[in-house]
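Following: one structure in structure tokens, then a few remarks.
Where a number appears in this text, it was derived from the coordinates with a stated rule and is not lab data. Note that the coordinates shown come from a computational prediction; the quantities given were computed from them, not determined experimentally. Glycine also receives a Cβ, built like all others from the backbone with ideal geometry; neighbour counts cover every protein chain displayed.
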Amino acid sequence: MAILVTGGAGYIGSHTVLALLERGEDVVVLDNLVNASEESLHRVAQLTGKTAAFYPGDIRDSECLARVFGEHQITSVIHFAGLKAVGESVQKPLEYYQNNVAGTLVLLEAMRQAGVHQFIFSSSATVYGEHSPVPYQESMPIGGTTSPYGTSKWMVEQVLQDFAKADPLFSIIALRYFNPVGAHESGLMGEDPGGVPNNLLPYIAQVAIGQREQLSVFGGDYPTKDGTGVRDYIHVMDVAQGHLAAMDHLKQIAGFKAYNLGSGIGYSVLEMVQAFEKASGVTIAYQILPRRAGDLPAFWADAELAKQELGWQVQRGLDVMMRDTWNWQRKNPRGYRS
Ligand code: NAD
Ligand code: UDP
């Protein structure tokens with residue numbers, strides 16, 4: 001009996017694999033390493049004393065999937081694999097629809113053939129699009145996405161709803177993450193963006209260790225508390241725990257259900273800078289630039305549904321997110337290449 005984790009060598013996937021192994025689950029990872037290093041799984045093994053079976057393969061490769069399902073008694077699939085850079089998705093829409101949408105279809109077909117019916121999908125707050133009022137609630141209509149990345153997540157959610165309706169054996173949960181940040185408290189695992197980080201916290205951390213000169217704050221004229229963008233940041237280990245709670249809940253539901261994984265609290269870019277400075281003792285140089293195309297002013301989660309139905313809520317606040325980010329960055333200035 002094992003859980004297949006696609007994209008399990010990546011940022012959120014590797015932290016979830018760690019949490020699953022710590023709970024005593026058998027884990028199989030499938031990852032093509034397009035945005036990850038196998039070193040993350042070595043660190044998982046170092047921390048847990050346990051090893052996940054690893055297949056360096058692609059979710060679009062049905063033969064590879066058949067081999068994985070044939071060689072292990074998979075009972076459920078947690079599906080992280082996909083491309084995630086919003087800006088890049090505008091430049092390369094076909095790659096994003098290929099990986100994120102077509103890849104998920106190949107995976108679902110392989111699951112159906114193998115008789116595996118429990119599925120957790122990495123969705124995103126981006127599916128609420130640009131017209132939803134905050135805080136975002138799961139009952140709101142989704143769509144109005146502003147990038148091929150966001151649209152790919154929206155499309156997969158539509159597919160999953162139809163698929164679950166057509167085949168009542170399937171239990172499917174889409175977890176809509178808000179802004180995952182932070183690292184494992186050991187400092188051995190964390191986020192390892194290749195090249196210039198797109199996301200706020202990895203960028204701040206690289207400024208702190210002197211790899212980047214200063215942070216560009218995208219927009220100082222939003223209708224928010226201090227004019228900068230507001231998001232709901234959530235510790236990656238809380239995200240990982242959310243998957244364990246969803247796994248347990250899958251057994252009790254039939255069909256499709258979506259849950260927000262967020263804290264319910266919004267912080268501005270400048271509040272994030274201040275919190276990081278407090279945790280690290282390092283001053284972060286920044287300049288305010290024009291808004292970044294496609295960014296929304298402010299959004300955060302209504303976190304009640306996951307609390308009530310999954311029995312899950314965040315355990316780690318902003319200070320822990322910052323402490324762990326700084327610890328990881330200092331110990332691994334070149335990420336997993338250190
Ligand atoms: P990540 O890039 O670190 O992890 C994704 C993993 O999938 C990588 O290890 C990559 O090598 C692998 N992969 C990509 N395409 C693949 C394919 N075709 N076959 C096999 N493996 C493939 O990203 P992450 O931050 O860990 O995100 C995990 C999931 O969560 C993604 O689906 C992402 O869209 C979603 N998500 C992430 C965030 C975020 O801010 N990090 C927010 C919302 C949703
Ligand atoms: N942001 C910023 N500078 C950066 C990266 C991000 O000011 O170098 C801002 C961005 O405009 C947004 C917030 O930080 O208001 C979070 O951005 P991120 O890219 O981390 O997440 P997302 O846009 O996906 O919510």
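At-a-glance table
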| item | result |
| --- | --- |
| Cα-Cα over 19 Å, subset of K84/K165; K84/K225; K84/K153; K84/K251; K165/K307 | K84/K165; K84/K225; K84/K251; K165/K307 |
| Directionally averaged shadow of region 123-210, computed from the convex hull of its alpha-carbon atoms, nm² | 8.5 nm² |
| Residues T151, T146, T51 arranged by fewest to most Cβ contacts within 10 Å | T51, T146, T151 |
| Net +/- balance of residues flanking F54 in space, Cβ distance below 9 Å, scoring K and R +1, D and E -1 | -2 |
| Cα-based radius of gyration of region 214-281 once divided by 2.2 N^0.38 Å, which approximates compact folds | 1.54 |
| Under 5 Å, built H, 5+ apart or other chain: amide partners of I78 | L4, V5, T6, I120 |
| Per-peptide average of other Cβ atoms within 10 Å, ordering 231-242, 32-43 highest first | 231-242, 32-43 |
| Bridge type composition, the chain - antiparallel percent by DSSP, nearest 5 | 5 percent |
| Dmax and Rg, reported as Rg then Dmax, of region 176-331 (C-alpha, Å) | 16.4, 51 |
| For L215, residues with placed amide H under 5 Å, excluding near neighbours | A285, Y286, Q287 |
| Simple Cβ-charge dipole of the chain, Lys/Arg +1 and Asp/Glu -1, about Cα centre, in debye nearest 20 | 360 debye |
| More than 16 angstrom apart: percent of Cα pairs within region 195-242 | 55 percent |
| Rough spin-label spacing in nm, given labels placed 7 Å along Cα→Cβ, for Q274 and M140 | 2.6 nm |
| Stretchable slack from Q308 to R23, in nm (0.36 nm times residue separation minus alpha-carbon distance) | 100.4 nm |
| Alpha-carbon gyration tensor eigenvalues x 5, square-rooted, for region 297-338, Å | 30, 13, 10 |
| Extended-chain gain in nm, criterion 0.36 nm per residue less alpha-carbon gap, R334 and K165 | 56.3 nm |
| Prolate/oblate/rounded call for region 85-233, Cα gyration tensor, a/c under 1.5 rounded | prolate |
| Relative contact order for region 221-274, counting Cα pairs under 8 Å that sit 6 or more residues apart, in percent | 57 percent |
| Relative contact order (percent, whole number), region 186-266, Cα cutoff 8 Å, 6+ residue spacing | 21 percent |
| Percentage of interatomic Cα-Cα distances in region 142-184 larger than 17 Å | 46 percent |
| Karplus-derived 3J(HN,Hα), 6.51/-1.76/1.60, for each residue of region 53-70, Hz, glycine and proline x | 5, 10, 10, x, x, 10, 5, 7, 9, 5, 5, 4, 4, 4, 5, 4, 5, x |
| Net charge contributed by nearby residues that have their C-beta within less than 9 Å of Y336 (K/R +1, D/E -1) | 0 |
| Within-12-Å neighbourhood charge of H117 [Cβ basis; K, R +1; D, E -1] | +1 |
| Zero-based 20 Å bins, Cα pair distances in the chain, whole percents | 32, 61, 7 |
| In sequence order, calculated HN-Hα J values of region 311-319 (Karplus, 6.51, -1.76, 1.60; Hz; x Gly/Pro) | x, 10, 8, 5, 10, 10, x, 4, 4 |
| Backbone HN-Hα couplings from phi across region 224-239 [Karplus 6.51/-1.76/1.60, Hz, Gly and Pro as x] | 10, 4, 10, x, 9, x, 10, 9, 9, 8, 9, 5, 4, 6, 5, 4 |
| Length-normalised contact order of the chain in % [C-alpha pairs under 8 Å, at least 6 apart] | 18 percent |
| Listed residues M140, L18, N99: farthest to the positive end of the dipole of the chain (Cβ charges) | L18 |
| Virtual spin-label span in nm between L289 and I209, 7 Å along Cα→Cβ | 2.2 nm |
